[in-house]
Amino acid sequence: DQQVKQNSPSLSVQEGRISILNCDYTNSMFDYFLWYKKYPAEGPTFLISISSIKDKNEDGRFTVFLNKSAKHLSLHIVPSQPGDSAVYFCAAISSGNTPLVFGKGTRLSVIA
Amino acid sequence: NAGVMQNPRHLVRRRGQEARLRCSPMKGHSHVYWYRQLPEEGLKFMVYLQKENIIDESGMPKERFSAEFPKEGPSILRIQQVVRGDSAAYFCASSPRGGTANTGELFFGEGSRLTVL
């Protein structure tokens, strides 16, 4: 039973345009939602997060939007750069000793 | 400040052998997590440990897999009698906080890639 779902395995975007990566979840008890970025042969690195009490968090070119009623969040990258090409994992966690749960990832390719 | 260190980076084992994967958390981090990534899949939680204690092992297969985080030394994920299905990337992560203070921000190592022939 997948609690965090990323339904698009891949996405291609032209350099300078906006990239929008989507994520759906089923567990209404999640308190934090996070995005991790992963390059080949490396470990995931934390990118940005949002608390369940907020609906938007912005950090430079990256913005995460949370729609709790739809159990949906999205990551916007603008403008997209070739160095953004990576696999992006959506993740979520509940307070307490519960583990961080990951989606299957979306491979973003930014084309110059 | 060194990051999370995992070794070996690559490990090849024949069916039936044992695999030992090691993880040294970031300095000052006492919470360690192991995740497994199968080909074309996301990261699946395996186990969460603090020094000398297993906090949550709900993601560990019931047989052949074990993990420890001793008072001194790295955390070790041990797989006995490996089978081809164990071939995967195993990632270790650490954090300075756990429990209700854990907001999900983990620091990952580069992973250990296990290939079972």
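Just so it is clear, none of the values below were taken in a lab; they were calculated from the coordinates. All values reported here derive from a predicted model rather than from experimental measurement. Using ideal geometry, Cβ is built from the backbone for each residue, glycine included, and neighbour counts are taken over all protein chains shown.
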How many percent of all Cα-Cα pairs in segment B:11-106 sit more than 23 Å apart? 23
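Could you please report the charge total around A:Q6, scoring K, R as +1 and D, E as -1 over all other residues with beta-carbon less than 14 angstrom from its beta-carbon? Write down the numbers at each step before the final one.
Values: positive: A:K5, A:K37, A:K38, A:K71, A:K104, A:R107; negative: A:D24, B:E40, B:E41.
So the environment of A:Q6 carries a net charge of +3.
Hey, got the average number of other protein chain Cβ atoms within 10 angstrom for residues in B:107-117?
Working: counts 4, 7, 3, 4, 5, 0, 1, 0, 0, 0, 0.
The shielding value for this peptide is 2.
Need the full-extension length gain, B:E52 to B:R20, defined as separation in residues times 0.36 nm minus the C-alpha distance. One decimal, nm. Write out the running numbers ahead of the final one.
Values: separation 32, 0.36 × 32 = 11.52 nm, distance 1.76 nm.
Length gained between B:E52 and B:R20: 9.8 nm.
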What whole-number volume per residue, in cubic angstrom, does the convex hull of the C-alpha atoms of the protein assembly as shown give? 126
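Could you tell me which of the pairs A:K56/B:K51; A:K54/A:K104; A:K37/A:K68; A:K104/B:K51; A:K38/B:K27 are separated by over 26 angstrom between their Cα atoms in the structure shown? Kindly include the intermediate steps, with their values, before the conclusion.
Working: A:K56/B:K51 36 Å; A:K54/A:K104 24 Å; A:K37/A:K68 23 Å; A:K104/B:K51 30 Å; A:K38/B:K27 22 Å.
Pairs exceeding 26 Å: A:K56/B:K51; A:K104/B:K51.
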Most fluctuating residue given options B:S24, B:S58, B:S87, as computed from a GNM of chain B linking Cα atoms under 10 Å: B:S58
Hits among aspartates and glutamates - C-alpha to C-alpha of A:K71 under 17 Å, sequence gap 8 or more where chains match: A:D1, A:D24, A:D31, A:D55
So what are the three principal axis dimensions of segment A:20-112 from its Cα atoms, in whole Å, longest to shortest? 40, 26, 19
D_trans [Stokes-Einstein, Kirkwood Rh over alpha-carbon pairs] for segment A:1-51, 20 °C, 1.002 mPa s, µm² s⁻¹: 163
Could you list which residues have their amide H under 5 Å from that of B:V47, counting only those 5 or more apart in sequence or on another chain, with H placed in the peptide plane? B:W34
Rounded to a whole number, the mean other protein chain Cβ count within 10 angstrom for residues of B:83-93 is 1
